[in-house]
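Peer 1: My structure is below; once you've seen it, I'll send some questions.
The values are calculated or read from the model by the stated rules, or taken from the named source; none is laboratory data. Being a predicted model, the structure only gives us computed values, none of them experimental. Positions of Cβ are generated from backbone atoms using ideal geometry, with glycine treated the same way; all protein chains shown enter the neighbour counts.
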Amino acid sequence: MSSELIFPANVETRPSSLYTPKKPMKDRLLRSSELSRRQFAARAASSLLGVGLAPTFADRAFAAGTGSPLKQVATAKRVIYLYMNGGMSHLDTFDVKPGAETQGPTKAINTSADGVQIAEHLPKLAKKAHHLAIINSMLSASGAHEQANYLIHTSYALRGTIKHPAMGAWLLKFHDRLNPTLPGNVVIGGGSRHPGGGFFEGKFQPLVVNNPEAGLQNVKARFQESDFEFRYGLSQELAGDFRARYQDVKGVRAYTEMYDDAVTLMKSSDLSAFDLTKEDAKVRDAYGRNAFGQGCLLARRLVENDVRFVEVTLGSWDTHVSNFLRTPELCTTLDQGFATLLDDLEQRGLLEDTLVVLATEFGRTPKVNQNAGRDHYPQAFSGVMAGGGIVGGRRFGKSDATGENVIEDPMTVFDFNATIGYALGLPLDQILYSPSKRPFTVAADGKPITKLFAA
């Protein structure tokens, strides 16, 4: 079973109960065009790096508009975004309701945060709860997987005519890379359904790593350095006249930048950040010898080398059947990887300026279905934030006694994304324009929840 709130045809973002029409835009449009580079980018990245770029329909570049940005001081430099693909059950993780008829067999346990309980399946995270701001009042505008996944990543409704940028692309657009030799935006697993950089230029697209243990395949040249330099120099010379003639065309610049970035990465001493064999076996064991655990370890290694945005996916949360068998197994994987990541970041002095986010597209129905499962439920679910200026050890928002409705401090996915942008110091109300000259901002009309940053 699934449910979805339908957007009116002229509404990009919020459901009708939450949507406020945008004011007319008087900003001057800066128009530009770009040659298509989608196929080249995918093929070149695959051949040079052994990985792919997330899908994009960015056939043209956006035009940037002027505006008076909402200003705030950044509390985080980087983000590790843990995405629970499939819809994580809030009642069986971070919003337990002891004694409620909707709770099922999942029990609550105390945590290191006074008065905060979470599910028994997360004992390691319970000991780290003093770092966590647990949000129990999330709301989405969609109860369908593809649409809700897209919405929480971009703050915009899925449409066939445009591809919107995800948060990692927005971060790079406004703040650029911290490490010029490594990709600034990396997605570990889950890349096939990721919105990527949307209508932004190629350099803002995420690098997709499907298997964290495999690292980057085929990065090194298969012939001697002198031969590589000769061939690369020859290609540059042959393309010289073309580039000089079309240097003002963004598609040509995107082509050149992507190729140059690939060569820079191949020669970078920081390339070893992708190599998990550099880690002690005990550390790898601590994270969990599974794709998510090793993805969390890779994320730590990447932010340690100043990669701006890293997303790690843990899938299979779509528990329509056997929720109370499958969710505990998923929680064991999540618990080990997430808790170890927090501990590792703290010990290395990285948690203070690295925002760690746990998100999912929607929750699961409080009512248990006939298959001992829970169905799609966008009306109330949970998310988590830690580090990066967030004050931990508490809950934000509240659902009712059965976990069915938000009754205190509702936080839409737009507000959730605005809060991430706020922590990163992004200009939340600065307008950028799509190829079709439509105005967009980081989190649509979402408002940051500044209470999460105040003691």
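Peer 1: Being within 22 Å of Phe292 (Cα to Cα), in contact with a Phe, Trp or Tyr (Cβ under 8 Å, 6 or more places away or on another chain) and polar (S, T, N, Q) is true for just one of Asn211, Asn185. Which residue is that?
Peer 2: Exactly one residue qualifies, and that residue is Asn185.
Peer 1: I need the full set of residues from the stretch 366-383 which are under 24 Å from Arg394 (Cα atoms) and either of a type in the set (A, V, I, L, M, F, W, C) or in a loop (DSSP other than H, G, I, E, B) (or both), in order please.
Peer 2: Correct list: Pro366, Pro378, Gln379, Ala380, Phe381.
Peer 1: Scan the stretch 122-133 and report the pairs whose first residue is without any contact (Cβ under 8 Å) to a residue 40 or more places away in the chain and whose second residue is of a type outside the set (D, E, K, R) and surrounded by 22 or more Cβ atoms within 10 Å (Cβ to Cβ), with Cβ atoms within less than 7 Å and a gap of 6+ or a chain change.
Peer 2: The qualifying pairs are Ala126/Ile118.
Peer 1: Quick one: how many residues across the stretch 180-198 are modelled with pLDDT of 95 or more and not in a loop (DSSP other than H, G, I, E, B)?
Peer 2: Summing the residues that are modelled with pLDDT of 95 or more and not in a loop (DSSP other than H, G, I, E, B) in the stretch 180-198 gives 4.
Peer 1: Follow-up question, since we're still on this one. So is Val442 part of a loop (DSSP other than H, G, I, E, B), in contact (Cβ under 8 Å) with a residue 12 or more places away in the chain and within 19 Å of the chain's Cα centre (by Cα) or not? Break it down into steps so the answer makes sense when it comes.
Peer 2: Working: part of a loop (DSSP other than H, G, I, E, B): yes; in contact (Cβ under 8 Å) with a residue 12 or more places away in the chain: yes; within 19 Å of the chain's Cα centre (by Cα): yes.
Taking the combined requirement at face value, the residue satisfies it.
Peer 1: Restricting to the stretch 168-185, what's the tally of residues that are touching a residue at least 40 places away in the same chain (Cβ under 8 Å) and in contact with a helix residue (DSSP H, G or I) (Cβ under 6 Å, 6 or more places away or on another chain)?
Peer 2: Pass one, the stretch 168-185, residues touching a residue at least 40 places away in the same chain (Cβ under 8 Å): 168, 170-175, 177-185.
Keeping just the survivors that are in contact with a helix residue (DSSP H, G or I) (Cβ under 6 Å, 6 or more places away or on another chain) gives 172-173, 181-182, 184-185.
Result for the stretch 168-185: 6.
Peer 1: Okay, next question. Quick check on my filter: what residues within the stretch 310-331 are surrounded by fewer than 24 Cβ atoms within 10 Å (Cβ to Cβ) and more than 19 Å from Asp95 (Cβ to Cβ)?
Peer 2: Selection gives Thr313, Gly315, Ser316, His320, Val321, Ser322, Leu325, Glu329.
Peer 1: Please determine whether any residue of the stretch 149-160 is closer than 22 Å to Ser399 by Cα, of a type in the set (A, V, I, L, M, F, W, C), in contact with a helix residue (DSSP H, G or I) (Cβ under 6 Å, 6 or more places away or on another chain) and surrounded by fewer than 17 Cβ atoms within 10 Å (Cβ to Cβ).
Peer 2: no
Peer 1: On to the next question. Would you confirm, using the coordinates I've provided, whether Gly349 is over 16 Å from the mean Cα position of the chain (by Cα), in a loop (DSSP other than H, G, I, E, B), among the small types (Gly, Ala, Ser) and crowded, with 18+ Cβ neighbours inside 10 Å? Step through it out loud before you land on a result.
Peer 2: Working: over 16 Å from the mean Cα position of the chain (by Cα): yes; in a loop (DSSP other than H, G, I, E, B): yes; among the small types (Gly, Ala, Ser): yes; crowded, with 18+ Cβ neighbours inside 10 Å: no.
In short, no.
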